[in-house]
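The values are calculated or read from the model by the stated rules, or taken from the named source; none is laboratory data. Computed from a predicted model, the values in this text were never measured in an experiment. Here the Cβ is made from the backbone with ideal geometry for all residues, glycine too, and neighbour counts use every protein chain on show. Each accessible area value is taken on the protein alone, full model and side chains, heavy atoms only, with ligands, DNA and RNA left out. Shrake-Rupley method; radii C 1.70, N 1.55, O 1.52, S 1.80 Å.
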Amino acid sequence: MYTQTTHEPHQAETGTFQKNLQQSAMKKIMLAVLLSCVLFLAGQSVLTLARNEQQAVSHMELLEDVLRQLDEQERVFLLEQESERMVLQILTNDMAAVEDTDAVDRFKNHFRRFQENCEVHSSVLIADNAGQIVYTSLGENQLTSYLINYNNAVCYNAKNSGTDDIYRAVYYDVGNYADTMYVKPILDDNAILGYITLFLSGSEWNFYLWESNFDGVITDQRQNVMYTSRPSLIETGNKFYGISHGILTDEDERYWVVSRELPSLSAKIYSLVYYPKSGTVALGLLILIIMGIIWYFTARWMAKSMAENNAAAIGRLVREIRVIRKEDPTHRIFLETDDEFSEVAYQVNHMLDHIQSLNDRNTELIRLNSRIEMEQLTAQMNPHFLYNTLEIIRNLAIFDAEKAGELITQLTDLLRYSASSSKGEVTLKEDMSYIARYLDIQNCRFGKRFQCHIQIDPCCETCVVPRLTLQPLIENSIKYGFRKNMYLKIEITAVMEGRMLVILVRDDGPGMEEAEAEALRQFLDAHDTGSASIGLRNLSRRLHLRYGSESGLQIRNRENGGFEVEVHIEQEGAQTCTG
C-alpha cells in the first residue's frame, strides 16, 4: 500500500526576514556605490572630452579663418593684373638689358601699398626664367645662396601651375621661423619669362596668432610646419608628425588634438587644447566612498526598522493563510494595517473567490457538456433519420449502386464522428467537413427541394469550436422548415469580428411564433440554469461557460420569413480578419 506524505514548509527562523532584507539592502547599496563610481568616471571623461572637442573645433575654425585670410591676401596680390603687368615689364626690361628704374619704382610703390593693408607682412622676390634675381625686397643678410637655390627649386615645381593658380611651399632656415612661399609664373605669349615669389613672414605670422591665445600647428601636405604655437612639438627639419585626433603628450603636458585637411590651400590644421590630468576625479571618488559609508549605515538602520514593523503583519498574514489551507477553505483573511499588507490580503481573498467561481463554472460546464453530447448523439442517431437514410440507400442500390456506396461511406463517417468522444473541440474546418457529409445525405433525401449555401471566410477555418455545434442548428431548420414549405434554402456564413467568430445559420422556412421566440431569447440572455432543458439553451449555456460571457446564441425571425441563429464563439489570441 502506497502512502503519500505531505511535507510542511520549513518554518523560518525568527529574524530571517530582517537578515535577508539587510543583506539585500547592503548588496544594493554596494552596487549603487560601484555604479556611481563608474558613472562618475565615465561622466567626467565624457564631459571633459566633449568640452575639449568643442574647444578644439572652435580653435581650429579660427586658425582656418586666419589661414584663409592670409592666403587670400597673397593670392589676390599675385593674381592682380596690375601686379602681373608690372612684374612682366621688369622681366622684359631685364631681358632687353634696358635699365628702366621707373618700372622697378612703380612696383615698389605698388608692393608698399599692398603691405600697408596687411596684418602680416611679406617679402617679394622676382627672378627670371634662368633663376637670376631681378628684384627683391629681402635684405642682403636674408638673401642667402640657400634661399636662392631653394626658390629656384620651388619655381621649377611651379612652372606647371595654371594662369589662375598659386603654388605654395614652405621655406625654413635653421634657427628661424618658417616662411610660407606663394609662387606665380609670369607668362608672355604662353611662355614663362620668370617668377614672382611672396615670402609670408613666419615671425610676424606666429606673433599674430600667438595673440589669439590658443595652441595649434599648421603644415603643408608634406608635414612641413608653416606655423606652430608650441616649438617643442616640431621635430628636426621643421616637421610635425602628430596624431590627427586624440591625446598628444609633449614634455609631461597633454593636449587634445583635432585636425582638418585643406586641399585647396595645400595645408593641414592641427588644433590643440590643453588637457591636464585633473585631481577632481580622486576628490569625487573620495566623496562617493564617504557617501557610500553613510548610505550603508542608513540602509542598515532602515532595514532593521522596516523588518520589526512588518514582522507582525507578515506573521499574521501567514497564520491566516494556514487556516485557509489546513482548516477552512472558505475562510477569508482579515487584516487592517493600512499599508501594502492589507492590499495583499485583499488580493488573496479576491483570488480565492475567483478560484471558487471558476471551480463552480467548470463543474457546471462538465455536467452540461456531458448532457449536451448525449442529447446530440441521441438526436443524430434518431431512428427517423437513420430509417430515411437507409431507405434512400436501398433504392439507390437498385438504380445507382455507386452512389449507394458513396452514401454508405458518408453515413459511416457521420456515425463514427458523432459517436467519437476523443476530442471535445475541433477546428471549424474539421466540423464543416462533417457537416458536408450530413448535407449530402439530406440532398439525396430531398433532391432539388433542398439547397444549402456555405460561405466561410478562410481565416475562420482554424478557429476552435465545440464538436457537434452546427448539426443541431441545421437539423432544427430542416425539421421545422419543411412543415409548411415544399422547398427550403439554408445559408451558413462565418466571419471574424475582432476576436469573435460569428457563425450565422438562416433558413427561409416559416420561422417561429414571435411569442415563442421572445421566451427563448429571454432564456438565452439570462443563461438560466434552472430553465427547461432545451437544445438551443443548453448549447448557448455551454458556449457561455467555456468561451466567456460574450459567447452564446442569438435567435431572430427574419422580416421576409424564415429563422436565423447567430453563434458567437470568442477565440483566444485571434486577430481581426482583413479579408
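Below are the figures for this structure:
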{"read-out": "Over the stretch 157-219, relative contact order from alpha-carbon pairs under 8 Å, at least 6 apart, %", "value": "25"}
{"read-out": "Sequence of L88, L468 from largest to smallest accessible area, 1.4 Å probe", "value": "L88, L468"}
{"read-out": "Counting all C-alpha pairs of the stretch 70-206, share separated by more than 24 Å (%)", "value": "23"}
{"read-out": "Area of L39 that stays accessible when all protein chains are in place (1.4 Å probe, Å², to 10)", "value": "120"}
{"read-out": "Qualifying trypsin sites (Lys or Arg not before Pro) for the stretch 446-545 [loop in DSSP, other Cβ within 10 Å: at most 10]", "value": "R483, K484"}
{"read-out": "The stretch 133-234, accessible area per residue, ligands and nucleic acids excluded (1.4 Å, Å²)", "value": "48"}
{"read-out": "Largest to smallest accessible area among F207, F114 [probe 1.4 Å]", "value": "F207, F114"}
{"read-out": "Prolate/oblate/rounded call for the stretch 48-96, Cα gyration tensor, a/c under 1.5 rounded", "value": "prolate"}
{"read-out": "Carbon and sulfur %, accessible surface of the stretch 393-451 computed with the full protein complex present, 1.4 Å", "value": "53"}
{"read-out": "Å² per residue, accessible surface of the stretch 386-534 at 1.4 Å", "value": "53"}
{"read-out": "Percent carbon-and-sulfur accessible area, the stretch 30-76, ignoring ligands, DNA and RNA, probe 1.4 Å", "value": "68"}
